[in-house]
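Quick notes on the structure that follows.
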Amino acid sequence: MRLSKTFVKTLREAPKDELAKNGALLSRAGYIHKEMAGAYDYLPLGIKVIENIKQIIREELNALGCEEVLMTSLQNPEPWEKTGRFSDQEVDIWFKTELASGGTLGLAPTHEEPIVNMMKSYVASYKDLPLYVYQFQTKFRNELRAKSGLMRGREFLMKDLYSFHASEEDLDSFYEKVEEAYTRIFKRLGIGNDTYKTFASGGIFSKYSHEYQTVLPVGEDTIYYNSDHSVVLNKEVYNDEVLTDLGVKGVEFAETTAAEVGNIFKLKFKYSEPLGLKFSSEDNESKTVYMGCYGLGVSRVMGVIAEKFADEKGLVWPESIAPFKYYLVGIGENGIKEAEKLYANRENEILFDDRDVRPGEKFADAELMGIPYRVVISDKTLAEGSAEITDRRTGESKLVKLSEI
């Protein structure tokens, strides 16, 4: 990408109604454009970050044998009515619309009902199980508050995975594999050291579920953790009964705020039973399919990472998800010529600031955009046969021979 050829420009000011740091910086740096509260457009740089996050998730899920699909956002009320969840009294975050020909459709806040309904066409025998299906899909939730940038949207991108099993033992086994995969995913995303598997309420499904919470000063959740973070609990389940149940009664816990970035749930028969998803066992008995669901907020993760690592100068992307690895600047006629040569060989890795503006403006934009390494080639560096490379995270600079870049 050449900055002289893109329509995107950095902004001095964020949208006036953008209160969240992640939303403000992502808007100013040209990654997103705010349409309205809780709804954002993703610009070329933002798309690259989103796709990098998706690819990390995709690689880890594919390694488990999961298959990717893409389901419709428009929702037929019928399967939702069978579980009672199309009612606004049961689920108060629906966006609904009336068909011109009559009738009501919904915009999906999640996909348990439709995925179960779909699997009725493909699951008949124990030989068809287990199976694991996931998607990256836009969800719609009519949130009362949408003031946290990408961290709480009314329209947002989510990875949702659903697993189907012939036995509870098989569900338990796969659940553990997803736990391990999530640990790897968050490590690769650069937030593994501050993201913890957290005990949370299982609601009507089970005693507990698990959330993945990233420590963050502006996080909307409160979590409690022991000294080695081996036990982490959401505030909603932090009580004597639960501590006794987990065998950690009398242990000292610390408190912090965090942002939920994922969750995993053993649904068992919650949706398969009312929707009639059954299979024929080896003994030719009709049995109900066991089910699990596993969510991960893709756009939310982008917002959390932007919020967590930003400094007073702008964004600071982990190298694994940055839109480009290098921000290239040529200064002076000779510096520009050498920069052009370098760019020609490494276009996919380089954001080339070839604009006719002052070097100081380029350096400021490099810091605002958060590209991991700024590469400057000038008469001064060429005198050493080198380029100056600055690490955005640490601010440390070094000269590297052009032949070694």
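Descriptive notes on the structure:
- Derived scalar couplings ³J(HN,Hα) [region 138-154; Karplus, 6.51 cos²θ - 1.76 cosθ + 1.60; whole Hz; x for Gly, Pro]: 6, 10, 10, 9, 7, 5, 5, 10, 9, 10, 10, x, 6, 7, 8, x, 8
- Net charge, Thr214 excluded, C-beta distance under 9 Å - Lys, Arg +1, Asp, Glu -1: -1
- In region 172-267, the trypsin sites (Lys or Arg not before Pro) that fall in loop regions by DSSP, at most 12 other Cβ within 10 Å: Lys207, Lys249
- The string of couplings for region 363-370 from the Karplus curve (6.51, -1.76, 1.60, θ = phi - 60°) is 5, 5, 5, 4, 5, 5, 6, x Hz, one whole number per residue in order, with x for Gly and Pro.
- Calculated from backbone phi, Karplus (6.51, -1.76, 1.60) coupling profile of region 209-226 in Hz, x at Gly/Pro: 10, 10, 10, 10, 10, 9, 4, 7, x, 9, x, 8, 9, 10, 10, 10, 9, 8
- Separation of alpha-carbon centers, region 19-58 and region 111-168, rounded to whole Å: 22
- Region 214-293: GluC sites (Glu not before Pro) falling in loop per DSSP and having at most 10 other Cβ within 10 Å: Glu252, Glu282, Glu285
- Computed over region 37-108: relative contact order in percent, which uses C-alpha pairs under 8 Å that are six or more apart: 25
- Normalised by the number of residues in region 168-283, the average gap of Cα pairs under 8 Å and 6 or more apart makes the relative contact order 27 percent.
- Three-way shape label, region 152-257, alpha-carbon gyration tensor, a/c 1.5: oblate
- In loop segments of region 10-80 as defined by DSSP, the GluC sites (Glu not before Pro) with at most 12 further C-beta atoms inside 10 Å of their C-beta are Glu13.
- By DSSP, the beta bridges lying fully in the chain are antiparallel in about 85 percent of cases.
- Over the chain, DSSP H runs of length four or greater, each weighted -39,500 (n - 2.57), average out per residue to a 222 nm ellipticity of -8000 deg cm²/dmol.
- Computed from the C-beta positions of Ser73 and Ser397 and an R0 of 60 Å, the FRET efficiency is 0.80 to the nearest 0.05.
- Over region 326-404: Rg over Rh, Cα atoms, Kirkwood Rh: 0.92
- Whole-number percent relative contact order across the chain, with pairs defined as alpha carbons under 8 Å at least 6 apart: 17
- Rounded, prolate or oblate (a/c below 1.5 giving rounded, otherwise prolate when a/b exceeds b/c) for region 1-60 by Cα gyration tensor: oblate
- Backbone amide hydrogens, once placed in the peptide plane, bring Glu18 within less than 5 Å of nothing, excluding anything fewer than 5 places away on its chain.
- Residue order, fewest to most beta carbons within 10 Å, for Thr83, Thr195: Thr83, Thr195
- Net charge dipole size for the chain [Lys, Arg +1 and Asp, Glu -1 on Cβ; Debye, nearest 20]: 1100
- 11 Å beta-carbon shell around Lys362, net charge (K/R +1, D/E -1): -3
We did not get these values from a lab; they are worked out from the coordinates using the rules stated. The structure displayed is predicted, hence computed values, not measured ones. A quick note on method: Cβ atoms are made from the backbone with ideal geometry, for glycine too, and the neighbour counts reach across all protein chains shown.
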